[in-house]
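Novice: Pasting a structure here, questions to come.
The values are calculated or read from the model by the stated rules, or taken from the named source; none is laboratory data. Please read all numbers here as calculations on a predicted model, not as lab measurements. Counting neighbours? That spans all protein chains shown, and the Cβs are built from the backbone with ideal geometry, glycine included. Side chains included, ligands, DNA and RNA excluded: accessible areas come from the protein's heavy atoms. Shrake-Rupley method; radii C 1.70, N 1.55, O 1.52, S 1.80 Å.
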Amino acid sequence: MSSPSSSAPGQLAGHLLVECLVAQGASHVFGVPGESYLAVLDGFHQYREKIQFVICRQEGGAAYMAEAAGKLTGRPGVCFVTRGPGASNATIGVHTAFQDSTPMVLFVGDVASDQRDREAFQEVEYMSFFGPSTKGMAKRVERIDDPDRIPEYVSRAFATAMNGRPGPVVLILPEDMLVKPTSARPLPRVEAVESWSDPGALRKLREMLLASRKPFVIAGGGGWTPQAAQALQRFAENWKLPVGNSFRFQDTFDNHHPLYAGDVGIGIAPKLAARIRESDLIIALGPRLGEMTTSGYTLLKPPKAAQKLVHFHADPHELHRVYQADLAICSTMNAAARSLEVLTAPPEVPWSDWAEAANADYRANLVPQALPGDIDMHAIVTTIERLLPADAVLTNGAGNFASWIHRFYRHHGLAKGLKTQLAPTNGSMGYGVPAGIAANLVSGRTAFTIAGDGDFLMNGQELATASQFGAKSIIVLLNNGTYGTIRMHQEREYPTRVHGTELVNPDFVALAKAYGFEGARVTKTAEFEPAFAAALERGRGTLIEVMLDAEVLTTRGTLSGIRASALKK
């Protein structure tokens, strides 16, 4: 491939931009069209045999799809939106990509250069809007003013999105720049740079392990590959270490493995929480150790945890930021895990019983509590796990409904070769439906989404996108007529004073059919399996509405029980 400076027939800058995306390996981009980037849309038409522009129905849905594609593939997901309102809607996907450490590039069509800084139609100052100073949006924000530099900016955006801690990058595209001629050519595809662990630090880690009696590994965060997960598994097996997966990265370590201890996140199993507190050495391999993974910073208390802490992370700025680690190692996950798998283990370790007990506790947590009503959600999740193909992609948004899958579904893990969980660690409602659609479009694999009634309606319009582009996703929608998570907290803090959390819902089955999906309603557990089996066989998407009593508010207890406990206080 020639360099940007080589001579070639002039073409529209918007066309060159699409060529650059193809050169970076992008096969799908997600967006809502805007007049500010018509030249790029024409480029997608020009190169339609190489790259597909997926037309979404709202920029938030488009940004979620791009984030999901990035999370699934490890390459930046790509989203296009127009200025002002479009960019505003897309911020939710950017924030999700930032907190989830997902590579993503958002392109924003902007006002023309000669109209900038006049508060022109839909004009926004994007450096402030998305920039690093927000501490929760983009890793980098840049404007492309010179069409000859498009290859440079696109290459840098992809590299920045993948290198270190993965995350989102925003590129601003002035409308007049996109219609200028250019003879520049795309740059070659960039790959993520590996950062290797310091050998001296690894020797110290070995010494800390040999001195430990109750070690525990928490694995997760962004940047994992199947090879890294396989190396992690060999490290755990060599040293007989119990492993927990961090919040909504439950496919990092095989849930069927005898060393698996459970997911370290919202609704953590009480015995697992106690085990982490009791541990004398925590090896955090990839997670930031944020609020959700640490149960509100209580499992490990900042700034200096009671447990010895070894923290591996790809971003040096994350190390020692919240927790002062006893040993901080800046390394990408692939490099870190491959270094750990060759760390020489002794013939025997003193914590074998500890590791076996951790797995026994996890398996005991798979046994459900007795809950009232005609719907047995544990039985439904068991059916889902039994019937779904092993390579299915599971997605969800945010709400108590997701806890059924988080607690009872067992992921085979990245070590088996494929990522199977797409879920927002920033607790973003409305993520699951567009993520499932993107997963099916990008991978062709079976996509399963669990949603709540409130969660679904935040991006249910993207079923139209699925129907238009032939994406098949299976959505199980738990309808309990309430914003369940908020109702749970409301009953804990202000029992009996219900306000702002009850929902009057549409006919979800009829709504799904209006979008071109099949729809079914389940009122009893026995009705679910035939409906789900039919959905798997069907050539188009299906929404299965499960009528769940609001009394069954969590996997461990009831609404009335939460209220009663609060009233006693």
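Novice: Given (1) open to solvent by less than 10 Å² (accessible area, probe 1.4 Å); (2) out of contact with any Leu (no Cβ under 7 Å at 6 or more places or on another chain); (3) not in a loop (DSSP other than H, G, I, E, B), where does PRO424 come up short, assuming only one miss?
Specialist: Unmet condition: (3).
Novice: How many residues, within the stretch 212-242, are closer than 12 Å to VAL349 by Cα and in contact (Cβ under 8 Å) with a residue 40 or more places away in the chain?
Specialist: Residues flagged as closer than 12 Å to VAL349 by Cα and in contact (Cβ under 8 Å) with a residue 40 or more places away in the chain within the stretch 212-242 amount to 8.
Novice: Another question about this same structure. Between GLY444, GLY539, GLY484, which is surrounded by 15 or more Cβ atoms within 10 Å (Cβ to Cβ), within 27 Å of THR382 (Cβ to Cβ) and either within 22 Å of the chain's Cα centre (by Cα) or not aromatic (Phe, Trp, Tyr) (or both)?
Specialist: Among GLY444, GLY539, GLY484, only GLY484 is surrounded by 15 or more Cβ atoms within 10 Å (Cβ to Cβ), within 27 Å of THR382 (Cβ to Cβ) and either within 22 Å of the chain's Cα centre (by Cα) or not aromatic (Phe, Trp, Tyr) (or both).
Novice: Please work out which residue is farthest from ALA550 (Cα to Cα), limiting yourself to the stretch 378-399 and to residues that are open to solvent by less than 10 Å² (accessible area, probe 1.4 Å) and more than 19 Å from the chain's Cα centre (by Cα).
Specialist: ILE384
Novice: Moving on. What's the total number of residues in the stretch 294-319 that are farther than 17 Å from GLY244 by Cα and of a type in the set (Lys, Arg)?
Specialist: The number of residues fulfilling the criteria is 2.
Novice: Out of all the residues in the stretch 49-74, which are part of a loop (DSSP other than H, G, I, E, B), open to solvent by less than 40 Å² (accessible area, probe 1.4 Å) and under 15 Å from ALA26 (Cα atoms)?
Specialist: If the condition is that a residue be part of a loop (DSSP other than H, G, I, E, B), open to solvent by less than 40 Å² (accessible area, probe 1.4 Å) and under 15 Å from ALA26 (Cα atoms), then ILE51 is the only one that fits.
Novice: Does the stretch 505-517 contain at least one residue that is under 30 Å from VAL367 (Cβ atoms), surrounded by fewer than 21 Cβ atoms within 10 Å (Cβ to Cβ) and either of a type in the set (Lys, Arg) or more than 25 Å from the chain's Cα centre (by Cα) (or both)?
Specialist: no
Novice: Also: Please find, among ASN359, ASN400, the residue that is among the polar types (S, T, N, Q) and not in a loop (DSSP other than H, G, I, E, B).
Specialist: Just a single option satisfies the conditions, and that option is ASN359.
Novice: Would you tally the residues in the stretch 235-258 being out of contact with any helix residue (DSSP H, G or I) (no Cβ under 8 Å at 6 or more places or on another chain), hydrophobic (A, V, I, L, M, F, W, C) and open to solvent by less than 10 Å² (accessible area, probe 1.4 Å)?
Specialist: 1
Novice: Across the stretch 145-164, which residue is nearest to LEU38 (Cα to Cα) among those that are in contact with a strand residue (DSSP E or B) (Cβ under 8 Å, 6 or more places away or on another chain) and without any contact (Cβ under 8 Å) to a residue 60 or more places away in the chain?
Specialist: ASP145
Novice: Residues of the stretch 20-48 being small (Gly, Ala, Ser) and either open to solvent by 40 Å² or more (accessible area, probe 1.4 Å) or outside any strand (DSSP E or B) (or both), which ones?
Specialist: Listed by number, the residues that qualify are ALA23, GLY25, ALA26, SER27, GLY34, SER36, ALA39, GLY43.
Novice: Among the residues of the stretch 537-567, write down those that are touching a strand residue (DSSP E or B) at 6+ places or on another chain (Cβ under 7 Å) and at pLDDT 95 or above.
Specialist: ARG538, ARG540, GLY541, THR542, LEU543, ILE544, GLU545, VAL546, MET547, LEU548
Novice: Within the stretch 513-569, work out how many residues are among the basic types (Lys, Arg) and part of a loop (DSSP other than H, G, I, E, B).
Specialist: 5
Novice: Please list, ordered by first then second residue, the pairs with beta carbon atoms under 6 Å, 6 or more apart or interchain, first in the stretch 165-192 and touching a residue at least 60 places away in the same chain (Cβ under 8 Å) and of a type in the set (Ser, Thr, Tyr), second open to solvent by 50 Å² or more (accessible area, probe 1.4 Å) and not in a strand (DSSP E or B).
Specialist: THR182/ASP148; SER183/SER7; SER183/GLY10
Novice: With open to solvent by less than 20 Å² (accessible area, probe 1.4 Å) and more than 24 Å from ALA305 (Cβ to Cβ) as the only criterion, which of ALA345, ALA335 stands out?
Specialist: ALA335
Novice: Moving on to the next point. Under 8 Å by Cβ, and 6 or more places apart or on different chains, what pairs join a residue from the stretch 95-108 that is within 16 Å of HIS313 (Cα to Cα) with one that is hydroxyl-bearing (Ser, Thr, Tyr)?
Specialist: GLN99/THR425; ASP100/THR425; THR102/THR96
Novice: If you don't mind, another one. Considering each of ALA261, ALA228 in turn, give the residue that is farther than 17 Å from ALA337 by Cα, surrounded by 24 or more Cβ atoms within 10 Å (Cβ to Cβ) and among the small types (Gly, Ala, Ser).
Specialist: On inspection, the qualifying residue turns out to be ALA261.
Novice: I've got another one for you. Quick one: would you say PRO389 is in contact with a Phe, Trp or Tyr (Cβ under 6 Å, 6 or more places away or on another chain) and modelled with pLDDT of 95 or more?
Specialist: No; evaluated as a whole, the condition is false for this residue.
Novice: If we only count strands (runs of 3 or more DSSP E) wholly inside the stretch 103-185, which ones have 2 or more residues that are surrounded by 22 or more Cβ atoms within 10 Å (Cβ to Cβ)?
Specialist: Where strands (runs of 3 or more DSSP E) fall fully within the stretch 103-185 and carry at least 2 residues being surrounded by 22 or more Cβ atoms within 10 Å (Cβ to Cβ), they are 104-110, 168-174.
Novice: Could you give me the residue pairs with C-beta distances under 7 Å whose first residue belongs to the stretch 380-407 and is at positive phi, whose second residue is not in a strand (DSSP E or B) wherever it lies, and which are 6+ apart or on separate chains?
Specialist: Here the result reads GLY399/MET429; GLY399/GLY454; GLY399/ASP455; GLY399/GLY484; GLY399/THR485, each pair linking the stretch 380-407 to a residue that is not in a strand (DSSP E or B).
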